[in-house]
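Since the structure comes first, as structure tokens, the remarks are kept for the end.
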Amino acid sequence: MKSRKIIVALDSNNLNKTIKLVKKLKKDVYAFKIGYQFFYNFGLEGYKKVYSNCPKIFLDLKLHDIPNTVEKGLQALIKMKPLFTTIHISGGDDMMISSGARKKNTKILGVSILTSLDSDQTKTFYNHKNVSALVKKFAQAAKKNKLDGIVCSPKEIKYIRKEVGKNFIIVTPGIRISSKLKSDDQKRVESPEKAISLGANYLVIGRPITKSKDPLKTLKEINKSLI
Ligand code: C5P
């Protein structure tokens with residue numbers, strides 16, 4: 001049995017290298033994540049190159065604007081047929097409602113509090129020092145407004161899962177391989193096995209796979225650890 005829960009983040013400025021990597025890894029991933037770096041470098045053309053090799057894409061563009069603008073943006077984005085895309089929960093109830101989650105093949109995931117904000121920053125910008133309480137509130141709002149799921153840090157999975165029930169999709173970045181659980185710029189990391197056991201559905205992993213000596217071998221090892 002194969003486990004496919006890994007979404008490999010294609011954060012790169014090199015299109016040819018990226019496409020080679022997609023070809024190498026596509027049988028063993030759940031999907032590939034395309035974010036700001038790849039999309040703003042290579043646009044729709046680059047997206048289509050990845051899509052034609054592997055049509056399972058998480059297009060992570062974190063939309064945040066007035067409801068009408070987000071709705072129209074999403075209508076265009078959904079034509080690219082990604083599996084998942086993202087909007088900011090802090091865009092408000094109307095913005096989430098107008099995203100029309102659950103009516104389309106593309107699942108809409110909510111971004112809660114950016115993991116780069118510490119409690120001083122959340123106090124400044126959200127008037128709240130307790131990050132967990134804020135994240136809980138955001139998860140409830142995402143569920144109430146019928147988003148399909150949420151992106152959260154590994155440290156938040158357990159209490160978010162409690163808050164949103166079993167059918168809500170939880171996607172988690174900030175994953176580091178068990179044997180070398182030291183952080184680089186990711187501050188609140190967890191191993192793949194732990195993140196899945198805490199209740200995540202899918203894990204976004206970038207550099208631990210893409211920068212490893214043998215990305216396919218690393219990916220296969222992670223998959224094996226999740227069976
Ligand atoms: O290389 P690494 O495994 O850190 O990549 C993680 C991916 O997940 C990156 O594309 C990054 O933008 C994204 N991400 C994150 N932390 C968040 C949200 C998204 O690392 N809180």
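Rule-based calculations on the coordinates, nothing more; no lab input. Keep in mind it's a predicted model, so treat the numbers as computed, not measured. No Cβ is skipped: glycine too gets one built from the backbone with ideal geometry, and neighbour counts run over all protein chains shown.
Between Lys49, Lys166, Lys136, which gets the highest mean-square fluctuation from a Gaussian network model of the chain, Cα cutoff 10 Å? Highest fluctuation among the options: Lys166.
For the chain, relative contact order (Cα pairs under 8 Å, six or more residues apart, normalised by length) works out to 20 percent. Hey, if you put +1 on the Cβ of every Lys and Arg and -1 on every Asp and Glu Cβ in region 6-225, which of Ile222, Leu15, Ser112 ends up farthest toward the positive end of that dipole? Highest projection toward the positive end goes to Ile222. Among Ala141, Ala195, Ala133, which one shows the biggest mean-square fluctuation in a GNM of the chain, springs joining Cα atoms closer than 10 Å? Of the options given, Ala133 has the highest mean-square fluctuation. Counting only residues at least eight positions apart within a chain, or on another chain, the lysines with an alpha carbon under 21 Å from that of Lys104 are Lys33, Lys48, Lys56, Lys62, Lys72, Lys79, Lys81, Lys143, Lys144, Lys146, Lys166.
The sum of -39500 (n - 2.57) across all DSSP H runs of n ≥ 4, divided by the residue count of the chain, sets its helix-only mean residue ellipticity at 222 nm to -13000 deg cm²/dmol. Taking Cα centre as origin and charging only the Cβ of basic (Lys, Arg, +1) and acidic (Asp, Glu, -1) residues, the dipole magnitude of region 43-138 rounds to 460 debye. Dimensions of the chain based on its C-alpha atoms, expressed as ranges along the principal axes with the largest first, amount to 45, 38, 33 Å.
Its Cα centre serving as origin, region 6-225 has a Cβ charge dipole (Lys and Arg +1, Asp and Glu -1) of approximately 800 debye. Restricting things to alpha carbons, find the Rg to Rh ratio for region 61-167 using the Kirkwood radius for Rh. For region 61-167, the value is 0.97. Across region 78-89, coupling constants 3J(HN,Hα) worked out from phi with the 6.51/-1.76/1.60 Karplus curve, θ = phi - 60°, read 5, 5, 7, 6, x, 6, 10, 9, 10, 9, 7, 4 Hz, and Gly and Pro carry x. The phi torsions of region 99-112, fed into the Karplus equation with coefficients 6.51, -1.76 and 1.60 and a -60° offset, translate into couplings of 6, x, 4, 6, 9, 10, 6, 7, 7, 9, 9, x, 8, 8 Hz, rounded to whole numbers, with Gly and Pro shown as x. Only Cα pairs under 8 Å and 6+ residues apart enter the sum, and on that basis the relative contact order of region 89-141 stands at 35 percent. Extending 7 Å from the Cα toward the beta-carbon at both Lys146 and Lys166 defines two label points whose distance is 2.4 nm.
For region 7-42, backbone nitrogen atoms closer than 17 Å to the point 7 Å from Lys213 Cα along Cα-to-C-beta are found at no residue.
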